[in-house]
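All remarks here apply to the structure that follows.
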Amino acid sequence: MSAALDYPLSLALEDFVPVILTGTGAALLTVPLRRFGTRTGRAGRAGAALVFLGGLSKATWKVIVALDGPDITFMDKALFPTLSAGFLLLAYALSAMKPVGAPAAESRRPPLWAWAALWAAVGAAGAALGSTAPSLVLTIVAVTLCGVRLILLARAQGDVPSAAAGGLWLAGMYALGPLAARPDQSVALQWVEQSANTATQAAFLFAAWRLVRRYRSVSPSPAPSGSAV
């Protein structure tokens, strides 16, 4: 979208709705993640915060543009670098999450520094190219890791609605990524994109709520040894 575009304030304000839905869903997931070790819990909380802040920055930028304010470019361009970092941290945390009733076991996953190194390398590539496309691709990869993990957890617990919602979230995110990356969009296309985004993030919130509800119904299991660091 160009700053010169006549961008309705109503459209800009609506963009806060999917931001709130996504942030709420991510925040809900941090509740059971605390059961799986200190580092897992912290990574989940940091990821949820980054996901929310990335969307909030872009939505606030849209409001400023709609009010004929200055084009604060970094608020727009920060979306995919921030989302990729947030969803990578959530993917790292979710990889330690076990289905309700499963025996506690230490998760086998790449160390946190490896995830950080991947994000930094992609960010460096984007800076060299002068494009956020590498961060967009990494965001899609990270979202896929999170979505697949949520679907597998839901299926392991026999929660078909949650698994279906996770699938809808993934499908919506695949469609929205390339749309959001387009530099100039008509107002009509923006309304289509944001309506689809709202429905997509509502599916994510529903999946997260269903999943968290199952964990709240049982007593916490002891965290596996070595998971607290």
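Looking at the range 45-86 from every direction and averaging, what is the projected area of its Cα convex hull in nm²? Please list the in-between numbers first.
Working: hull surface 9.8 nm².
That works out to 2.4 nm², a quarter of the Cα hull's surface.
Ligands, DNA and RNA aside, Tyr174 has an accessible area near 100 Å² when probed at 1.4 Å. Among residues other than Arg155 with Cβ under 15 Å from its Cβ, the summed charge is +3 (Lys and Arg +1, Asp and Glu -1).
Accessible surface of Asp76, taken over heavy atoms with a 1.4 Å probe and every protein chain present, rounds to 30 Å². For the chain, set up a Gaussian network in which alpha carbons nearer than 10 Å are linked by springs, and say which option among Gly172, Gly158, Gly126 fluctuates the most. Most flexible of the set in this elastic network: Gly158. For Lys77, give me every one of the lysines with a C-alpha distance below 27 angstrom, ignoring sequence neighbours fewer than eight places off in its own chain. Within the straight-line cut-off, Lys77 pairs with Lys58, Lys62. When the Gaussian network model of the chain links Cα atoms closer than 10 Å, the mean-square fluctuations of Leu88, Leu129, Leu21 top out at Leu129.
Working note: 222 nm ellipticity from helices only, DSSP H runs with n ≥ 4, each -39,500 (n - 2.57), summed and divided by the residues of the chain, gives -25000 deg cm²/dmol to the nearest 500.
The dipole here belongs to the chain: it is taken about the Cα centre, uses +1 on the Cβ of Lys and Arg and -1 on the Cβ of Asp and Glu, and is about 1320 debye. Accessible surface calculations at 1.4 Å, restricted to protein heavy atoms, place the chain at 46 Å² per residue. Taking the C-alpha atoms only, the angle from helix 79-94 to the longest principal axis of the chain is near 10 degrees.
Considering only protein heavy atoms and a probe of 1.4 Å, how much of the accessible area of the range 24-172 is carbon and sulfur, as a whole percent? Kindly include the intermediate steps, with their values, before the conclusion.
Working: 4550 of 6580 Å².
Taking all protein chains in place, the range 24-172 shows 69 percent carbon and sulfur surface.
Counting Lys and Arg as +1 and Asp and Glu as -1, what is the net charge of the other residues whose Cβ lies under 12 Å from the Cβ of Leu112?
On the way: positive: Arg39, Arg42, Arg109; negative: none.
Around Leu112, the surrounding residues sum to +3.
In the complete set of protein chains, residue-level accessible area for Leu79 is approximately 20 Å², probe 1.4 angstrom.
The values are calculated or read from the model by the stated rules, or taken from the named source; none is laboratory data. Remember, predicted model here, so these are calculated numbers, not experimental data. Cβ coordinates were reconstructed from backbone atoms using ideal geometry, including for glycine residues, and neighbour counts include every protein chain displayed. Accessible surface is based on the protein model in full, side chains and every heavy atom, while ligands, DNA and RNA are left aside. Shrake-Rupley method; radii C 1.70, N 1.55, O 1.52, S 1.80 Å.
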